[in-house]
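All remarks here apply to the structure that follows.
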Amino acid sequence: YSIEYGVSQYSKDPLACGDSYSLFTMLSKQYFALSDGMGQGVKASEDSKLTLKILRQLISNGVSLKSAIQSVNALLKIKNRNDMFTTLDMIEVDLTNAKATFIKYGCCPTYILRNNEIIEIETKALPIGIVPTIELTVEKTRLIENDLLFMVTDGFNESFIELLEDSKMFFEEDHPQEIATFLMNRALESQIADDLSMIVLRVIKQR
């Protein structure tokens with residue numbers, strides 16, 4: 001399998017977006033991650049970038065998911081300025097069999113569009129950097145060819161699933177970047193109170 005992807009962001013602050021994203025591959029696994037720093041602007045951007053930078057380094061060095069997330073949480077807790085915490089939304093896809101692991105701390109649901117039906121992936125967990133230790137909270141599922149996955153930050157709030165329902169009939173052949181751009185433009189037609197970030201993925205089966 002392979003994964004096509006597209007990314008779209010909107011920043012309320014002219015200097016920096018408080019949301020960050022990271023895309024990388026380790027052996028047969030591909031990782032897609034979003035982090036939303038508290039608030040907006042430069043500080044939120046620095047916090048979310050730090051979260052994803054350390055997580056990527058640890059995983060790339062062969063550290064397990066559980067240990068990597070625990071280490072990032074511990075670092076943020078140590079550095080905590082009473083308000084240094086971030087969300088973490090990550091998908092690990094095994095490209096050999098399309099098995100996906102969803103890791104979600106304080107973030108929005110992930111939506112899978114499959115055969116015109118929307119599947120919601122959600123877990124209940126605090127953002128990282130708040131409590132001294134956290135448990136690895138995951139959901140697992142096997143993806144299938146042509147699945148579309150949508151990862152979003154909380155600037156979209158509950159309106160995203162309505163936007164997806166209204167727009168899903170347009171996505172059959174589009175590249176994920178076109179889909180991400182289209183949905184972002186639709187979202188920006190309304191008044192926006194926070195940064196917006198979106199990663200769109202499509203599962204491709206190799207022939």
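The values are calculated or read from the model by the stated rules, or taken from the named source; none is laboratory data. What you see is a predicted model; the values in this text were computed from it and never measured. As a convention, Cβ positions derive from the backbone with ideal geometry for all residues, glycine included, and neighbour counts pool all protein chains shown. Keep in mind that these areas ignore ligands, DNA and RNA; they rest on the heavy atoms of the full protein, side chains included. Shrake-Rupley method; radii C 1.70, N 1.55, O 1.52, S 1.80 Å.
Any idea of the accessible area per residue across segment 62-130, 1.4 Å probe, to the nearest Å²?
43 Å²
Can you bin the chain into rounded, prolate or oblate? Criterion: square roots of the alpha carbon gyration tensor eigenvalues sorted a ≥ b ≥ c, rounded for a/c under 1.5, prolate for a/b above b/c, oblate for the rest.
Oblate shape, in that a/c is at least 1.5 and b/c is the bigger or equal ratio.
Given Lys140/Lys168; Lys79/Lys168; Lys43/Lys140; Lys12/Lys104; Lys53/Lys168, which pairs have Cα atoms separated by over 31 Å?
Lys79/Lys168; Lys43/Lys140; Lys53/Lys168, as the Cα separations exceed 31 Å there.
Determine the relative contact order of segment 1-64: mean sequence separation of Cα pairs under 8 Å and six or more apart, normalised by residue count, in whole percent.
Relative contact order for segment 1-64 comes out at 30 percent.
How large is ³J(HN,Hα) for each residue in segment 171-176, as worked out from phi by the Karplus curve 6.51 cos²θ - 1.76 cosθ + 1.60 (θ = phi - 60°), to whole Hz, x for Gly and Pro?
For segment 171-176, the Karplus curve yields 9, 4, 10, 6, 6, x Hz.
Name the residue, out of Ala193, Ala100, Ala68, whose mean-square fluctuation peaks in a Gaussian network model built on the chain with Cα pairs under 10 Å.
Ala193
Assuming 0.36 nm per residue, please report the length gained on full extension of the stretch Asn116 to Asn146 beyond their Cα-Cα distance.
That pair, Asn116 and Asn146, stretches by 9.7 nm at full extension.
For segment 49-153, which trypsin sites (Lys or Arg not before Pro) pass both filters: DSSP loop (anything but H, G, I, E, B) and at most 16 other C-beta atoms within 10 Å?
Answer by residue number: Arg81, Lys124.
Which of the GluC sites (Glu not before Pro) across segment 168-207 are loop residues per DSSP, with 14 or fewer other Cβ within 10 Å?
For GluC sites (Glu not before Pro) across segment 168-207 that sit outside H, G, I, E and B with at most 14 neighbouring Cβ atoms in 10 Å, the list reads Glu172, Glu173, Glu189.
Out of the GluC sites (Glu not before Pro) in segment 130-161, which ones are loop residues according to DSSP with at most 15 other C-beta atoms within 10 Å?
Sparse-neighbourhood loop GluC sites (Glu not before Pro): Glu135, Glu145, Glu158.
When the accessible area of the chain is split by element with a 1.4 Å probe, what percent falls to carbon and sulfur?
The value for the chain is 49 percent carbon and sulfur by accessible area.
Could you work out the helix-only [θ] at 222 nm for the chain, with each DSSP H run of four or more residues adding -39,500 (n - 2.57) and the total divided by the number of residues, to the nearest 500 deg cm²/dmol?
When only DSSP H runs of four or more count, the value is -8500 deg cm²/dmol.
Please tell me the relative contact order of the chain in percent, rounded to the nearest whole number, where contacts are Cα pairs under 8 Å and at least six residues apart.
It comes to 29 percent, rounded to a whole number.
What residue among Val138, Thr153, Ala180 has its Cα farthest toward the positive end of the dipole of segment 134-180, where the charges are +1 on Lys, Arg and -1 on Asp, Glu, each on the Cβ?
Going by the charge dipole, the pick is Val138.
Report ³J(HN,Hα) in whole Hz for each residue of segment 38-53, in order, from the Karplus equation J = 6.51 cos²θ - 1.76 cosθ + 1.60 where θ = phi - 60°; Gly and Pro get x.
Those phi angles translate into 5, x, 9, x, 4, 4, 4, 5, 4, 5, 5, 5, 4, 4, 6, 5 Hz.
Would you work out which of Ala44, Leu75, Thr110 lies farthest towards the positive end of the dipole of segment 30-121, given +1 charges on the beta-carbon of Lys and Arg and -1 on that of Asp and Glu, about the Cα centre?
About the Cα centre, the residue reaching furthest to the positive side is Leu75.
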